[in-house]
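Visitor: Sharing a structure below in structure tokens format, with a few things to ask.
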Amino acid sequence: MNPKMASKFLLITFAICKLIVAVGFNAPPSPFLLVDVDGHVSDHPSDVAAVSSDFGMLTPPEPPTAVLRPASADDVARLLRASYGSAAAFPVSARGHGHSINGQAKAGKNGVVVEMGRREIISGAGRNPPEPEVSAEGMHVDVWGGELWIDVLKKTLEYGLAPKSWTDYLYLTVGGTISNAGISGQAFHHGPQISNVLELDVVTGKGEVMKCSEEENSELFHGVLGGLGQLGIITRARIALEPSPQRVRWIRVLYSNFSVFTRDQEQLISLHGPPKFDYVEGFVIVDEGLINNWRSSFFSPRNPVKISALGGDGGVLYCLEVTKNYDESSADTVDQEMEQLMKKLNFIPGSVFTTDLPYVDFLDRVHKAELKLRSKNLWEVPHPWLNLFVPKSRIGDFDRGVFKGILGNKTSGPILIYPMNKDKWDERSSAVIPEEEVFYLVALLRSALSDGDETQRLEYLEDQNRRILRFCEESGIEAKQYLPHYVTQEQWMRHFGDKWERFSHLKAEYDPRHILATGQKVFPNPYLASFGSLSSLSASATW
């Protein structure tokens, strides 16, 4: 045996011995089995590091064993079949744009992350998933689960069409948002994004590729919508479309009285029109000084607005945000409709701020704010976000206890608040909302700074979130977390309530070995403690 072959033999033997010592003879199959995928599999340190943390930056980085960048549903199925058929099933988590907050898309050091997004193709690195396919006749678009909503919009606009329901931020993946719900200011009218999905292709925890819809595999279809990735990985979604408007009239008005503010919001979402607004949101302003953070930079710095000048109740103001879509055929009537609608509102006189812009620019408004924050190195910081659905009957108590109480006069980021209609949500989905016919999203979208004052520190903001949750519990406010985060199954059972029995039944049927989305901590994986790290194979090559 020549020296080069001997050295190679010793390295292989050493790696095998390390694996046996670490995990025993019943180790799960290595992702090396995926050598024939059409996409790309890698355990390169830079690749696993890239998926080891998320937007929240609230949990320590945890590199997985490997990353699969699939080109098709078959690639995903091959991985899941390898795990499901092994002696000890290894975790598999789908990752879209990595916008989760508490490590929900992590697979752990023994798992594999399926990176669903598109990527730059390099020589020998596989191919990308299919492009979106628009059916103008069917008024729908078929998209890969890892497609960004901004790219879906660009494609559908080529046909003069657009999805009906959005999220505020378009640089999220289709599979990621409809695994939660997908909400924005259109939800009062069109429902969340999960109410506008016509069909899915899902790869289950058994590695089965299943087509599902209202008519076919309907139980899985509804279970996956809002199902937090627990029942399968979405590889294709068929999204309903409508004719796209060309422009948007965007108005913000201010309120000092919370009851008046919520009454106007609730009136607007009850309109079936026309006339009616196409988008209704709002936010809370509790910071002292100018109303001009990144979310509210809508207000001109040449015309600064101070809370004290407007008589904010307890140092708090509320901003109602509405839009009206239009195109060339309706441009002559938009002013008349807006005037008719605005007459019904009781905002502070003289606080109307209006702008007019292309439809795409309105939908992509948050990305522009992101670019500003990135330029100041304020984007890649911890984000201790808290999103709650609060019943209409208790939103006044929430205002007194949280906006005028716990928060003080510092927010470290925008606070959204807007109502939705329960009848626009399909109760068969796995998404959990309050029982009342109208409920509010309250989204505290804060950013933590290590070099800021105490009220901007991560520890302070996380403690504030705990105080808010404790306040709701002690006050009997039956709020539900959106983008939920719990650490015990008992907490998850309380979260799902009456839906838990059905959800756990679906989990047992479609992911019986608890392979999927272990970072959510909904169902414990009993196999994780039975083996060590697959990374002991220490293969640094790209497969």
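The values are calculated or read from the model by the stated rules, or taken from the named source; none is laboratory data. The model shown is predicted, which means the values in this text are computed figures rather than measured ones. All Cβ positions, glycine included, derive from the backbone under ideal geometry; neighbour counts span all protein chains shown. Protein only, heavy atoms only, side chains kept; ligands, DNA and RNA dropped before computing areas. Shrake-Rupley method; radii C 1.70, N 1.55, O 1.52, S 1.80 Å.
Visitor: Search the range 447-471 for residues being assigned to a loop (DSSP other than H, G, I, E, B) and open to solvent by less than 60 Å² (accessible area, probe 1.4 Å), and hand back the single one that is nearest to LEU386 (Cα to Cα).
Guide: SER447
Visitor: Of all the residues that make up the range 404-440, how many are among the charged types (D, E, K, R) and under 19 Å from HIS190 (Cβ atoms)?
Guide: Number of matching residues: 7.
Visitor: On the basis of being acidic (Asp, Glu) and not in a strand (DSSP E or B), does GLU242 make the cut?
Guide: In short, no.
Visitor: Among all residue pairs at least 6 apart or on different chains, which show Cβ distances below 9 Å where the first residue, located in the range 366-388, is of a type in the set (Lys, Arg) and the second is at pLDDT below 90 and surrounded by fewer than 20 Cβ atoms within 10 Å (Cβ to Cβ)?
Guide: Once the first residue is of a type in the set (Lys, Arg) and sits in the range 366-388, its partners that are at pLDDT below 90 and surrounded by fewer than 20 Cβ atoms within 10 Å (Cβ to Cβ) give LYS372/TRP294; LYS372/SER297; LYS372/LEU378.
Visitor: Counting residues that are over 12 Å from the mean Cα position of the chain (by Cα), which helices (runs of 4 or more DSSP H) fully inside the range 101-194 reach at least 2?
Guide: Fully inside the range 101-194 and qualifying: 149-157, 187-190.
Visitor: Do we find a residue being farther than 26 Å from GLY182 by Cβ and in contact with a Lys or Arg (Cβ under 7 Å, 6 or more places away or on another chain) anywhere in the range 393-401?
Guide: No, because not a single residue in the range 393-401 is farther than 26 Å from GLY182 by Cβ and in contact with a Lys or Arg (Cβ under 7 Å, 6 or more places away or on another chain).
Visitor: Could I ask something else about it? Among all residue pairs at least 6 apart or on different chains, which show Cβ distances below 8 Å where the first residue, located in the range 165-187, is closer than 16 Å to LEU363 by Cα and the second is outside any loop (DSSP other than H, G, I, E, B) and of a type in the set (Lys, Arg)?
Guide: Hits for this filter: ASP168/ARG365; ALA187/LYS424.
Visitor: Looking at the range 341-355, which of its residues are of a type outside the set (Phe, Trp, Tyr), surrounded by 13 or more Cβ atoms within 10 Å (Cβ to Cβ) and in contact with a strand residue (DSSP E or B) (Cβ under 6 Å, 6 or more places away or on another chain)?
Guide: ILE348, SER351, VAL352, THR355
Visitor: So, in the range 472-489, exactly how many residues are in a helix (DSSP H, G or I) and loosely packed, with under 12 Cβ neighbours inside 10 Å?
Guide: Qualifying residue count, the range 472-489: 2.
Visitor: Another question, if that's okay. Which members of the range 132-173 meet the condition of being among the aliphatic types (A, V, I, L, M) and within 22 Å of TRP379 (Cα to Cα)?
Guide: Initially, the range 132-173 is screened for residues among the aliphatic types (A, V, I, L, M), giving 134, 136, 139, 141, 143, 148, 150, 152-153, 157, 161-162, 170, 172.
Matches in the range 132-173: LEU148, ILE150, LEU170, LEU172.
Visitor: I've got another one for you. Report whether or not VAL322 is hydrophobic (A, V, I, L, M, F, W, C), assigned to a helix (DSSP H, G or I) and either in contact with a Lys or Arg (Cβ under 7 Å, 6 or more places away or on another chain) or surrounded by 13 or more Cβ atoms within 10 Å (Cβ to Cβ) (or both).
Guide: Numbers: hydrophobic (A, V, I, L, M, F, W, C): yes; assigned to a helix (DSSP H, G or I): no; either in contact with a Lys or Arg (Cβ under 7 Å, 6 or more places away or on another chain) or surrounded by 13 or more Cβ atoms within 10 Å (Cβ to Cβ) (or both): yes.
No: the conditions fail for VAL322.
Visitor: Are any residues in the range 505-543 at pLDDT 50 or above and surrounded by fewer than 17 Cβ atoms within 10 Å (Cβ to Cβ), and if so, which ones? Step through it out loud before you land on a result.
Guide: Filtering the range 505-543 down to residues at pLDDT 50 or above leaves 505-528.
Passing the criteria: HIS505, ALA508, GLU509, PRO512, PRO524, PRO526.
Visitor: Let me ask another. Considering only residues that are aliphatic (A, V, I, L, M) and open to solvent by 20 Å² or more (accessible area, probe 1.4 Å), look in the range 231-282 and name the one that is modelled with the highest pLDDT.
Guide: Our first condition is that a residue be aliphatic (A, V, I, L, M); within the range 231-282, this holds for 231, 233-234, 237, 239-241, 248, 251, 253-254, 260, 268-269, 271, 280.
Still in the running and open to solvent by 20 Å² or more (accessible area, probe 1.4 Å): 260, 271.
Details: VAL260: 98, LEU271: 95.
Among those residues, the one meeting the criterion is VAL260.
Visitor: Another question about this same structure. How do the pairs read when you match residues in the range 493-522 that are among the acidic types (Asp, Glu) with residues anywhere that are surrounded by 16 or more Cβ atoms within 10 Å (Cβ to Cβ), using Cβ under 7 Å and keeping only pairs 6 or more apart or on different chains?
Guide: Every condition considered, the pairs that remain are ASP511/THR204; ASP511/GLY205; ASP511/GLN230; ASP511/LEU231.
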